[in-house]
Amino acid sequence: QARPPSALYRFRKFVARNRAACIFSLVILLTVLAGFAVSTGMYLRENAALKEQQRLRQQAQDRANVSQASLLLSQGKTEKADAILRQTPLQTIEPSPEATGVFRTLGDWHLLQHRWKAAAECYQLLPMANRFISEEKISDTGDMIRTAPAFVLAGMGAAYEQHRQALIDRYANTPIPNTAEQLVKMALL
C-alpha cells in the first residue's frame, strides 16, 4: 500500500492546510468568471443593438430616397430619380404604395429606352408590393403584362419563372376575366 502520494491526495491536503486562502481564491475566480460572462453578454446585446440601429438607419435612408425619387418623378426629372434609386440596393427597399409607383414609373421609362435589364430590376419589386393589392385591382395595374416580358427581354429566365409561378399560384382560380386573360398571356411567354 505504500506508494508516492497522488496529485489529488496532495491537492486535498493543500486545501485542508490552506482552507481560508483556497476559499478566498475560489470566490475571486468565480467573481472574475461572472464578470466576464456579464460583460460578454452586455457586449453581445450592444453589438446586436448597433446592428439593428444601422439597419433602421439604412431603412430610413432608403425610404427617403424613394420619397425623393417620387418627388423628382412628379417634377418630370426621371433621370435624376433613377440616379437616386441606383444608389439604393433594391432588396433593401420595403414594398409600399409610394415605392411601387416609383418603380413602376421608372420601369416603364426604362422599357421605353429599351433598357430591359434596368426595367426588369425596377419591376422586381412589383410582385412583392402587389400582394397588398386586391385581386379585383391587380389587372388594373398592368404589372403582370409589364413584368414578365421585361424579365424575358433582360435574359432573366429564372426571375421570369419565379414570377410566373407566383402569379399562377395566386390567380389560377380567379373569377375575374381581365385578370385571367393577363395571367394566360403572361404565362405563355
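The values are calculated or read from the model by the stated rules, or taken from the named source; none is laboratory data. Just so it is clear, the model here is predicted, and its values are computed rather than measured. Every residue, glycine among them, receives a Cβ derived from its backbone with ideal geometry; neighbour counts consider all protein chains shown. Ligands, DNA and RNA are excluded from the accessible area calculation, which covers all protein heavy atoms including side chains. Shrake-Rupley method; radii C 1.70, N 1.55, O 1.52, S 1.80 Å.
Restricting attention to the stretch 72-94, the residues that are open to solvent by 90 Å² or more (accessible area, probe 1.4 Å) and over 12 Å from THR105 (Cα atoms) add up to 5. Per the listing SER39, SER134, the residue uniquely open to solvent by 30 Å² or more (accessible area, probe 1.4 Å) and either within 28 Å of THR179 (Cα to Cα) or of a type in the set (A, V, I, L, M) (or both) is SER134. Of everything listed in (1) open to solvent by 80 Å² or more (accessible area, probe 1.4 Å); (2) part of a helix (DSSP H, G or I); (3) modelled with pLDDT of 85 or more, the single unmet condition for ARG170 is (3). Residues in the stretch 143-189 that are aromatic (Phe, Trp, Tyr) and in contact with a Leu (Cβ under 6 Å, 6 or more places away or on another chain): TYR171 only. Taking first residues from the stretch 99-119 that are open to solvent by 70 Å² or more (accessible area, probe 1.4 Å) and partners that are of a type outside the set (A, V, I, L, M, F, W, C) and outside any loop (DSSP other than H, G, I, E, B), the Cβ contacts under 8 Å between residues at least 6 apart in sequence or on separate chains come to TRP116/HIS110. Based on this model, can you work out whether GLN59 counts as in a helix (DSSP H, G or I), within 25 Å of the chain's Cα centre (by Cα), without any contact (Cβ under 8 Å) to a residue 60 or more places away in the chain and farther than 30 Å from LEU153 by Cβ? Here the answer is yes, as GLN59 does meet what is asked. If you filter the stretch 143-167 down to residues that are surrounded by 11 or more Cβ atoms within 10 Å (Cβ to Cβ) and without any contact (Cβ under 8 Å) to a residue 12 or more places away in the chain, you find that the one that is nearest to PRO95 (Cα to Cα) is GLN162.
The set of residues from the stretch 142-167 being more than 25 Å from the chain's Cα centre (by Cα) and at pLDDT below 80 comprises GLY142, ILE145. None of GLU94, GLU79 is outside any helix (DSSP H, G or I) and within 29 Å of MET156 (Cα to Cα) except GLU94. With ALA34, ALA16 as the choices, which residue is at pLDDT 95 or above and small (Gly, Ala, Ser)? Only one candidate qualifies: ALA34.
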